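Student: I'd like to ask some things about the structure below.
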Amino acid sequence: MGRGYIVEDVVEKYLSNLSVPGASCVTGLLIGQSSSQRDFVVLAVRTPQKDTEGQRSPSVSRRTGDSLEHLDVEWVTEHARQVSRMLPGGISVIGVFLVTPPELSKEAQNTLRRLIFAVDKHISKGRLWSLTEEDVTEKVTLHICSKTRKVVCRTFDVRDPKSSAKPADWKYQSGVCTSWPLLTCSVGLNLVFPVLEMHVLPQDMEKCMKEGLQTWAKQIEDGLCLINGDAMPGEVELLGGQKKNAKAVQQTFRAQILIPMAEPQSERRSTASVKVCSGSLTLKGMVQCRAYLHSNKPRAKHATEVIKRDVINTVSSRVEMFLEDLLMEGEDKGSVGVQQGLPRRVFAPVPGMSLCVCDYMFPDECVSDVSDRLKEMLDWETPEDSIDTSQEAVPEAPTIDLKNTVVQKKLKAKSTLDARPKTPSGDPTEAHKSHKTYYAGVAMAAAIALLATGTSLIYLSD
């Protein structure tokens, strides 16, 4: 028996309304939440068109040889990475879909297998939190025939490179996520990353920040999570007090994450080392986090897990975006005592659902930029007045302080002459003068030593 997928009926309407020219193929992402018993799909998003020299990708024309070999896998995976940043905790990309004409149906399964492994690898590449034994590693693929509208659902275990396709059950249902509980959390940041050299490349900055973030992420994972002020045992049902026949209403829970100040003395011996640093990067401010949990008997440990992962993801995503922005900039950036704003997190409702997605707005951007990105990435119109920009106020929004640090596009190569004794000038005359001074100093020191010796002898004779 394969896995079962409960799919929001909005997804059925979306897939049915996809405009697919007769000989073209369309790829896209399936978004939802997995659990040990069943999986839930709440959104489907087609891959945006990519215009390159008049050819559209990932759509594949019959003129390419009636084959899916020319599918732009890299473009699909990059879209998946961008969309993953826009999803709150608990919601993730759990699969891909492919719409093809009948003549490409046989080739579709191999293409879907290639896509789902590539997407999962690209998304999890920079992940800072660890998978648990309860995490579902089976991802779903959906093939749709553009002519007959026949649907074939299969799953692959992305942990196993040799995994073969398994049949899965695909059922549509209304109001799948109507009663999903919402968890909210505010986290204060004050992270300091040491910088060894004053002048650094963006790649070097990325390395030092990623190392610091990994340590911080481990602290978040190990921290104590309070839900509505209580430390709930992991196996306690989050919605345990609800009646079975009660009307489906979304509940909101407030989470707090407490990090111990120091490790107990019984822990392993410290391997800390001292390094001389010329500067530092300080990441500080308040970040707002949200997570959703399926309503199929969710437990407190699952609630703790999804909100912690959202905390880690939102900070990691902003740092990645900041570093990407540095690489795109043509000029040097940063100097002693400079403070630079990280993108603020804003939230937008999913049409017809009780869910929200998010985006990140740089200080020089406005709400219209967010609306345009939502249209491009998620393929729906979002009114600007429905985008909530108030969650992270500007005074409390996260920033990065660069102290005694200059980020440069290129660093000048150090000369091998630097290892030699330096002279005041490159002029031979000046060098000769310096040598004269050196020898005169030695002679004077010798004379003083002889004089001191003679004085000592006179004193002893007296």
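Student: With each pseudo-label sitting 7 Å past Cα toward Cβ, what's the residue 158-residue 197 distance in nm, one decimal?
Tutor: 3.6 nm
Student: Could you tell me which of the pairs 125/171; 50/125; 106/375; 50/106 are separated by over 29 angstrom between their Cα atoms in the structure shown?
Tutor: 125/171; 106/375
Student: Through the Karplus equation 6.51 cos²θ - 1.76 cosθ + 1.60, θ set to phi - 60°, convert the phi angles of segment 388-403 into ³J(HN,Hα) values in whole Hz; use x for Gly and Pro.
Tutor: 8, 9, 8, 5, 10, 5, 4, x, 9, 5, x, 9, 10, 9, 9, 10
Student: How far apart, in nm, are the 7 Å Cα→Cβ label points at residue 222 and residue 399?
Tutor: A separation of 3.1 nm, rounded to one decimal place.
Student: FRET efficiency for residue 38 and residue 114, Cβ-Cβ distance as r, R0 = 22 Å, nearest 0.05?
Tutor: On the way: r = 26 Å, r/R0 = 1.20.
The calculated FRET efficiency here is 0.25.
Student: Accessible area per residue, 1.4 Å probe, Å², for segment 114-182: what's the number?
Tutor: That works out to 55 Å² per residue.
Student: Give me the number: length gained by fully extending residue 215 to residue 256, i.e. 0.36 nm times residue separation minus the C-alpha to C-alpha distance, one decimal in nm. Walk me through the numbers on the way to the answer.
Tutor: Values: separation 41, 0.36 × 41 = 14.76 nm, distance 1.94 nm.
Taking 0.36 nm per residue and subtracting the Cα distance, the gain is 12.8 nm.
Student: If you don't mind, there's one more thing I want to ask. Calculated FRET efficiency, residue 82 and residue 388, Cβ-Cβ r, R0 30 Å, to nearest 0.05? Before the final figure, lay out each step's value.
Tutor: Numbers: r = 20 Å, r/R0 = 0.68.
That pair, residue 82 with residue 388, gives E of 0.90.
Student: Taking the Cα centre of segment 133-239 as the origin, how large is its charge dipole in debye, to the nearest 20, when only Lys and Arg (+1) and Asp and Glu (-1) carry charge on their Cβ atoms?
Tutor: Computed charge dipole of segment 133-239: roughly 1040 debye.
Student: What distance in nm lies between label points placed 7 Å from Cα along the C-beta direction at residue 372 and residue 16?
Tutor: Between residue 372 and residue 16, the label points sit 3.4 nm apart.
Student: Going by a ≥ b ≥ c, the root eigenvalues of the Cα gyration tensor, does segment 108-186 fall in the rounded group (a/c under 1.5), the prolate group (a/b larger than b/c) or the oblate group?
Tutor: It comes out oblate by the Cα gyration axes.
Student: Heavy atoms only, probe 1.4 Å: what % of the accessible area of segment 84-224 goes to carbon and sulfur, would you let me know?
Tutor: 50 percent
Student: Rounded to the nearest whole Å², what accessible area per residue is found for segment 294-399 with the 1.4 Å probe?
Tutor: 43 Å²
Student: Right, something else. Please work out how much accessible surface residue 305 shows to a 1.4 Å probe, ignoring ligands, DNA and RNA, in Å² rounded to 10.
Tutor: 50 Å²
Student: Using a ≥ b ≥ c from the Cα gyration tensor of segment 298-399 (square roots of the eigenvalues), is it rounded, prolate or oblate, where a/c under 1.5 gives rounded and otherwise the larger of a/b and b/c decides, a/b for prolate?
Tutor: Cα axes put segment 298-399 in the oblate bin.
Student: Give the long-range amide H neighbours of residue 182: residues separated by 5 or more places, or on another chain, with amide H under 5 Å away, using H modelled in the peptide plane at 1.01 Å from N.
Tutor: 251, 252, 253
Student: Another question about this same structure. Taking the Cβ-Cβ separation of residue 379 and residue 134 as r and a Förster radius of 25 Å, what is the calculated FRET efficiency to the nearest 0.05?
Tutor: Rounded to the nearest 0.05, the efficiency is 0.20.
Student: Place +1 on the Cβ of every Lys and Arg and -1 on the Cβ of every Asp and Glu in segment 158-232, take the dipole about the Cα centre, and give the residue among 175, 189, 203 whose Cα lies farthest towards its positive end.
Tutor: The one lying farthest along the dipole's positive direction is 175.
The values are calculated or read from the model by the stated rules, or taken from the named source; none is laboratory data. This is a predicted model, so every value here is computed, not measured. FYI the Cβ positions are ideal-geometry reconstructions off the backbone, even for glycines, and counts take in every protein chain you see. Areas reflect the complete protein model, heavy atoms only, side chains present, ligands, DNA and RNA absent. Shrake-Rupley method; radii C 1.70, N 1.55, O 1.52, S 1.80 Å.
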